[in-house]
Every structure is written in structure tokens, then in C-alpha cells.
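Report on the following structure.
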């Protein structure tokens with residue numbers, strides 16, 4: 001600590017008291033702590049974005065022409081799913097659930 005005070009006094013043009021130099025050191029430590037906290041916050045926020053990379057894949061089964069309207073509505077409203085035309089590659093198929101045959 002005494003070495004740091006001596007170096008700071010050599011660098012400064014005006015001779016500062018020990019209390020002034022300690023105040024400067026405390027401010028610098030606080031600034032460094034805030035910078036570290038800010039960097040940690042940026043890293044934490046950017047890591048949370050990686051959780052949104054996986055999008056479910058949906059297969060819309062043929063429903064007498066209604067599947068085209070349903071796929072268009074999903075596309076138009078920017079629903080976060082990928083539609084697929086092959087039922088082999090999907091996570092969950094969209095089936096008709098109407099009570100009429």
C-alpha cells in the first residue's frame with residue numbers, strides 16, 4: 001500500500017495527502033468493481049439467448065385442404081416453430097381434432 005501511494009505521488013504534479021490518495025484508490029476500486037459487474041451482466045444476458053436456439057418442428061397432417069391455411073397462418077403470425085412436409089422428421093405432429101369424420 002505504501003508503494004502504491006509513493007508511485008501515485010511521483011506521478012501526480014501536485015503533492016496529495018495520504019487521505020486524498022486513499023480516496024482515489026477507493027474510487028478506482030469501485031470503478032473496477034462496476035466494470036466487472038457490467039461485464040458479468042452482459043455475459044449472463046448473452047448466455048440466456050442460447051436457450052432459444054431450439055425450435056420445435058411441426059408436421060401438419062392433411063386435413064382436406066385446411067393444412068395450407070393453417071401453415072400460412074403459422075407463417076404469417078411468426079409462430080416460433082418450423083413446419084415440415086415429412087412426418088419422419090418432426091417432434092410433434094398437428095392432427096385434426098374435430099368431432100366430424
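Taking the range 1-82 and the helices (runs of 4 or more DSSP H) fully enclosed by it, the elements with 1 or more residues that are at pLDDT 85 or above and in contact with a strand residue (DSSP E or B) (Cβ under 8 Å, 6 or more places away or on another chain) are at 66-76.
Of all residues in the range 38-77 being closer than 18 Å to residue 94 by Cα and surrounded by fewer than 10 Cβ atoms within 10 Å (Cβ to Cβ), which is nearest to the chain's Cα centre (by Cα)?
77
The values are calculated or read from the model by the stated rules, or taken from the named source; none is laboratory data. Model, not experiment: these values are computed from the prediction. Glycine gets a Cβ as well: all are built from the backbone with ideal geometry, and neighbour counts include every protein chain shown.
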